[in-house]
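Student: This is the structure I want to talk about, given as structure tokens.
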Amino acid sequence: MVGGNAIANFVLESIKNYHESKYDIALSLVCSAIDATSKKEYPGIDNNGKRIKKFLAENTRIISVFGLPGIACSGLRIGYNPPLGKENKDLIKQKDQNGLIGLEDVIYHAIRCNIIHECKPDPGIKFIEETMIGDFDQEFYLPSRILIGLLFSVIFSSVNEIEKTNSNFEVKIGDKIYGIDDLWGKKDEILEIYESEKDMNGQV
């Protein structure tokens, strides 16, 4: 079992690399933190992929609120029809009868697995500033802020409540500034604030 502050250290380094515009490195670190968090959260699931996708699916609301500006949802299905030569074979296998895939499928297969095996996200994914998700102009678009949502999904997880970065690092949620170490394991509290305000975003 992951102990100490291992997950917190990866989260903090992910944030630092994000600020240094080292986006791929920041993604790799947060994906590792998600891996470790999902292992703690679902110890009875041996399959790594199933564990991670379950975590992502169950945290879609957090990921969307903070990583997909203007979208708040508990589940998200997306059309996936890439041009020839840009298809991700693992994503193709996840398509349902309507040709849709889940956000968790995109994050796991096109981001996490590609980074682990190729040291970069799937080249068929184009990260953009706007909130556009899916196939557009022969590209599969994903907001670059998805990283923020992924970071918060790890920070807010109840199994990480004892994690600490032991830093003075602060994050902004809505109009309030919090010390990052005051937010570990606070998923329920954050969602309660969101339900009362209905207009939140996060900055790291």
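Student: Which one of 147, 151, 142 is of a type outside the set (Gly, Ala, Ser), closer than 19 Å to residue 86 by Cα, out of contact with any Gly (no Cβ under 6 Å at 6 or more places or on another chain) and crowded, with 19+ Cβ neighbours inside 10 Å?
Tutor: 142
Student: Counting only residues that are surrounded by 14 or more Cβ atoms within 10 Å (Cβ to Cβ) and within 19 Å of residue 48 (Cβ to Cβ), how many does region 68-100 have?
Tutor: 4
Student: Restricting to region 32-55, name every residue that is crowded, with 17+ Cβ neighbours inside 10 Å and touching a Cys at 6+ places or on another chain (Cβ under 9 Å).
Tutor: 52 - this is the single residue of region 32-55 that is crowded, with 17+ Cβ neighbours inside 10 Å and touching a Cys at 6+ places or on another chain (Cβ under 9 Å).
Student: Continuing with this model, one more query. I'd like to verify a number: residues in region 1-40 that are under 16 Å from the mean Cα position of the chain (by Cα) and farther than 18 Å from residue 149 by Cα, how many?
Tutor: 1
Student: Consider residue 158 against the criteria (1) modelled with pLDDT under 95; (2) out of contact with any strand residue (DSSP E or B) (no Cβ under 8 Å at 6 or more places or on another chain): it satisfies all of them except one. Which criterion is unmet?
Tutor: Of the numbered conditions (1) modelled with pLDDT under 95; (2) out of contact with any strand residue (DSSP E or B) (no Cβ under 8 Å at 6 or more places or on another chain), the odd one out for residue 158 is (1).
Student: Select from region 138-152 the residues that are in contact (Cβ under 8 Å) with a residue 60 or more places away in the chain and aromatic (Phe, Trp, Tyr) and list them in ascending order. Walk me through it before giving the result.
Tutor: Step one: of region 138-152, the residues in contact (Cβ under 8 Å) with a residue 60 or more places away in the chain are 140, 143-152.
Of everything in region 138-152, those that are in contact (Cβ under 8 Å) with a residue 60 or more places away in the chain and aromatic (Phe, Trp, Tyr) turn out to be 140, 152.
Student: Which pairs do you get when a residue that is free of Cβ contacts under 8 Å to residues at least 40 places away in the same chain and surrounded by 15 or more Cβ atoms within 10 Å (Cβ to Cβ), found in region 110-137, comes within reach of a residue that is of a type in the set (A, V, I, L, M, F, W, C) and assigned to a strand (DSSP E or B), reach meaning Cβ atoms under 6 angstrom, with the pair 6+ apart or on two chains?
Tutor: As it stands, the answer is 110/125; 125/140; 125/142, since those pairs meet every condition given.
Student: Of the residues 45, 71, which is part of a loop (DSSP other than H, G, I, E, B) and either at positive phi or more than 15 Å from the chain's Cα centre (by Cα) (or both)?
Tutor: On inspection, the qualifying residue turns out to be 45.
Student: Among the strands (runs of 3 or more DSSP E) confined wholly to region 74-144, which include 3 or more residues that are at pLDDT 85 or above and under 17 Å from the mean Cα position of the chain (by Cα)?
Tutor: 125-128, 139-143
Student: Among the listed residues 193, 177, 148, 155, which satisfies the condition of being assigned to a helix (DSSP H, G or I), more than 26 Å from residue 108 (Cβ to Cβ) and among the aliphatic types (A, V, I, L, M)? First the steps, then the outcome.
Tutor: Working: 177 fails: assigned to a helix (DSSP H, G or I); 148 fails: more than 26 Å from residue 108 (Cβ to Cβ); 155 fails: more than 26 Å from residue 108 (Cβ to Cβ).
So the residue among 193, 177, 148, 155 that is assigned to a helix (DSSP H, G or I), more than 26 Å from residue 108 (Cβ to Cβ) and among the aliphatic types (A, V, I, L, M) is 193.
The values are calculated or read from the model by the stated rules, or taken from the named source; none is laboratory data. Since this is a predicted model, take the numbers as computed values, not measurements. Heads up, the Cβs are rebuilt from the backbone with ideal geometry, glycines too, and the neighbour counts pull from every protein chain shown.
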